[in-house]
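The values are calculated or read from the model by the stated rules, or taken from the named source; none is laboratory data. The model shown is predicted, which means the values in this text are computed figures rather than measured ones. Neighbour counts are summed over all protein chains in view; Cβ atoms, including those assigned to glycine, are modelled from backbone coordinates with ideal geometry.
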Amino acid sequence: MPEQQNIEYKQSWHDDYLKWVCGFANAQGGVIFIGKDDNGNVADIADYKKLMDDIPNKIRNAMGITAEVNLLEEEGKHFIEIITELYGVPISLRGRYYYRSGSTNQELTGASLNEFLLKKSGKTWDDVIEARATFDDIDEKTVKTFLAASENAGRLPENNQGLTIPELFEKLRLTENGQLKRAAVIFFGKDPGKFYPGIYVKIGRFGKSDTDIIFQEMEEGNLIVLLQAVLNQLNHKFLIRSIGFEGMHRIEKGEYPLPAIREMLLNALVHRNYMGAPIQIRVYDDKINIWNEGTLPEGLTLAALKRSHSSRPRNPIIADVAFKGGYIDA
């Protein structure tokens, strides 16, 4: 059996393999076989008696966790099985965090580490209170735009036109104890870039290659402002509109269907990692590419995206507000 998400083979033991134990503990759990080659064939280990004492102690002393360590034999050859369970709290190895993804073990740093620690604490990035923000940082015009869109979509359970902004935000789960969450700033902030520098969209028009950039633009603002501003830029400057006539009437047809472009952009805005790089849109002669920061949700593959699959939003509060505003579907 080849190596996979929860199986790792090592011909001999090195203390560096504690990183793999840490990675399994932080991901889905797994098994490390010491004394097997990459194909799972037993290679035998001579010092198995000493390792049976050393390995459990090193795991406990380095990470404060326990793992099941078993000595096994096959055709007269010995190998060791280290079974690590999934832990509900973050596990570190000398202050560093590792995570098993596919058949690789990765050290978590920066935005990935922040997202991992939040997930282990039962939080998502957009659910965290933004202590630096107040209601003075909220754009009332954007709130009115949202209310008009939500009324048109019929997604809110009752008439919300008479609610104050704090009352509306509480209903949308955008506040906690009267304090704004990050989702509120992303969706309705006057200047979200003051809090999160990467919240803007870069648009480039390219020629025949990625190095042949003809011109570029950048748009900043909250999610609703960005949606409209980027669509306007694409429509008026970046995309070709073919012209035809029906009788005496001039007809302009977009290069791409507007609903498709809107859907792509909304997906990038709603599901991105807001602590990472800005959204990038590349327009070519024969294609358009929209890129956003962030990996696929755990357990979801590119193949699964092409068929019916459950929704696992990275930013569930932002996604919920976008749904209630009629910007996206469930």
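Considering the stretch 62-82 alone, what residues qualify as being within 17 Å of D37 (Cβ to Cβ) and surrounded by 19 or more Cβ atoms within 10 Å (Cβ to Cβ)?
Let us first name the residues in the stretch 62-82 that are within 17 Å of D37 (Cβ to Cβ), namely 72-82.
Within the stretch 62-82, H78, F79, I80, I82 meet the criteria.
Check Y256 against each of (1) at pLDDT 85 or above; (2) within 30 Å of K144 (Cα to Cα); (3) surrounded by 14 or more Cβ atoms within 10 Å (Cβ to Cβ) and name the one condition it does not meet.
Going through the list (1) at pLDDT 85 or above; (2) within 30 Å of K144 (Cα to Cα); (3) surrounded by 14 or more Cβ atoms within 10 Å (Cβ to Cβ), Y256 breaks only (1).
Looking at (1) closer than 30 Å to R182 by Cβ; (2) not hydrophobic (A, V, I, L, M, F, W, C); (3) not in a strand (DSSP E or B), which one does Y99 not meet, given that it meets all the others?
(3)
Hey, among G23, G40, which residue is in the same structural domain as Y98 (by TED's automatic domain parsing), of a type outside the set (D, E) and more than 33 Å from the chain's Cα centre (by Cα)?
After applying the criteria, what remains is G40.
Quick test of your reading of the structure: T134 fulfils all but one of (1) exposed (fewer than 15 other Cβ atoms within 10 Å of the Cβ); (2) under 30 Å from G178 (Cα atoms); (3) at pLDDT below 95. Name the failing condition by number.
Looking at each condition in turn, T134 falls short on (3).
Under 22 Å from the mean Cα position of the chain (by Cα), at pLDDT below 90 and outside any strand (DSSP E or B): does that describe L113?
It is true that L113 is under 22 Å from the mean Cα position of the chain (by Cα), at pLDDT below 90 and outside any strand (DSSP E or B).
What do you reckon, is A43 more than 25 Å from P90 (Cα to Cα), at pLDDT below 95 and of a type in the set (A, V, I, L, M)?
yes
Here are some residues: N26, N114. Which one is touching a residue at least 40 places away in the same chain (Cβ under 8 Å), in contact with a Pro (Cβ under 8 Å, 6 or more places away or on another chain) and within 30 Å of M275 (Cα to Cα)?
Checking each option against the conditions leaves just N26.
Spot the failing condition for A303; the list is (1) surrounded by fewer than 13 Cβ atoms within 10 Å (Cβ to Cβ); (2) in a helix (DSSP H, G or I); (3) within 14 Å of the chain's Cα centre (by Cα), and only one is missed.
It fails just one condition, (3).
Using the structure shown, decide if I32 is in the same structural domain as I91 (by TED's automatic domain parsing), touching an Asp or Glu at 6+ places or on another chain (Cβ under 7 Å) and not in a loop (DSSP other than H, G, I, E, B).
yes
For the subset of the stretch 276-300 comprising residues that are part of a strand (DSSP E or B) and polar (S, T, N, Q), which member is nearest to I203 (Cα to Cα)?
Per the criteria, the residue is Q280.
Just checking, does the stretch 306-314 include any residue being within 26 Å of G154 (Cβ to Cβ) and touching a residue at least 60 places away in the same chain (Cβ under 8 Å)?
No, the conditions are met nowhere in the stretch 306-314.
Residues checked against (1) among the acidic types (D, E); (2) surrounded by 12 or more Cβ atoms within 10 Å (Cβ to Cβ); (3) at pLDDT below 90:
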| position | (1), (2), (3) |
| --- | --- |
| G122 | no, no, yes |
| V143 | no, yes, no |
| E151 | yes, yes, yes |
| R155 | no, yes, yes |
| N159 | no, no, yes |
| P166 | no, yes, no |
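Taking the options N39, N57, name whichever one is on the phi < 0 side of the Ramachandran plot, assigned to a loop (DSSP other than H, G, I, E, B) and out of contact with any helix residue (DSSP H, G or I) (no Cβ under 7 Å at 6 or more places or on another chain). Write out each step before concluding.
On the way: N57 fails: assigned to a loop (DSSP other than H, G, I, E, B).
Just one listed residue meets the conditions, N39.
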